[in-house]
Amino acid sequence: MQEPQQQHQDHGGHEDQDKEYVGFATLPNQVHRKSVKKGFDFTLMVAGESGLGKSTLVNSLFLTDLYKDRKLLNAEERITQTVEITKHTVDIEEKGVKLKLTIVDTPGFGDAIDNTECWKSVADYIDQQFEQYFRDESGLNRKNIQDNRVHCCLYFISPFGHGLRPLDVEFMKALHEKVNIVPVLAKADTLTPTEVQKKKIKIREEIEQYGIKIYQFPDCDSDEDEEFKQQDLELKESIPFAVIGSNTVVEAKGKRVRGRLYPWGIVEVENSAHCDFVKLRNMLVRTHMQDLKDVTRETHYENYRAQCIQSMTRMVVKERNRNKLTRESGTDFPIPMGPAVSESETEKLIREKDEEVQHANHEQESHHDQEHEAPHNSEHSEPDQEKH
Ligand code: GDP
């Protein structure tokens, strides 16, 4: 009884296969080839108090010396401090895949006497990158736009405080609408495993309590396998990632590893039993890099863009009202607008865009006029051709 059914199914299966294979199943391969050819880029920002190991961690993360141009005091200690926002770009390649990695180093705060609004320059920097992108995107040549938008900000929390300090709260709240914040607990080797766990719980509670919106890992799909779900849960529970950085290679159990040597033993950077370094690196590089870029584009940049367009609309309405008043008063002189207000960067951009649009409209109109005249001219020549 079963055989014919089987045969029928087989037959149907072949038919299905013949029917189904148009060829779009190769689309992922096409996308893959194109993306590999183009290469990838990623911009990571590091922020937090100075001396918390930001530069050391970044070097350890990408196994590359991003700060080699800086003078070194000895194997580890730098004499130069980050006093302004600096950008380091390296091109790294792995199995033929190219990654242009940009690290944005921010001045370690806490050094200045007055630390109020120390986040301001960082927030401005992020906005400037959005603004540049917005300009390029609405310009005439939209090919090969250099994307300098910041995709992720590793925020370093001191291991010596009791949870978050007011400055940490202020900083993260000032930036959370602009960038994906991933908090890290710095220099975890200075704490015992129990202390690390306690601090993590406290920091997570405070993040919730103060309404800080850190980067949210996307929820797992229901059809994801158990192992993946477990990894995802572990990742969420690791926040803030307890990290250890080191630029030196030490020998542990006959193996050469990145680590820190103490009289009582060795802490290995890449040992999951010692810290969350590997989890953080996997998250940044292997599992969530694309999502961090997507959230930057779809949420943070979109917010910025919407705000820009809103103020653009407001400007146009204001301008129209002003023109109306000028017409109604029957004078060519502009109506006094009250005290002079300095033009912000965004307003300047909007004004320039407005002028560009007006210019383009004007061009189009004159082109249109010419086109209207053109058939008139050709009427004289075409009948001639027809005659032949
Ligand atoms: P930055 O100012 O935040 O960039 O900090 P640096 O990376 O320059 O590090 C400041 C000092 O902390 C250096 O002496 C580093 O060797 C040391 N350091 C960096 N990471 C760690 C760490 O994970 N644990 C410990 N104990 N020291 C660290």
(message) Tell me yes or no: at least one residue of segment 94-113 is of a type in the set (Gly, Ala, Ser) and modelled with pLDDT of 75 or more.
(response) yes
(message) Quick check on segment 137-144. Is at least one of its residues crowded, with 16+ Cβ neighbours inside 10 Å and in contact (Cβ under 8 Å) with a residue 24 or more places away in the chain?
(response) no
(request) Please note which helices (runs of 4 or more DSSP H) are completely contained in segment 1-93 and include at least 2 residues that are farther than 26 Å from Phe130 by Cα and at pLDDT 80 or above. (result) 27-38, 54-62
(message) Can you tell me how many residues within segment 291-326 are acidic (Asp, Glu) and either surrounded by 15 or more Cβ atoms within 10 Å (Cβ to Cβ) or touching a Leu at 6+ places or on another chain (Cβ under 9 Å) (or both)?
(response) 1
(request) Give the residue that is farthest from Asp105 (Cα to Cα), with candidates limited to residues of segment 117-161 that are aromatic (Phe, Trp, Tyr) and assigned to a loop (DSSP other than H, G, I, E, B). (result) Phe160
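The values are calculated or read from the model by the stated rules, or taken from the named source; none is laboratory data. No experiment lies behind these values; they were computed from the predicted model shown. Please note: Cβ atoms are built from the backbone with ideal geometry, for glycine as well, and neighbour counts cover all protein chains shown.
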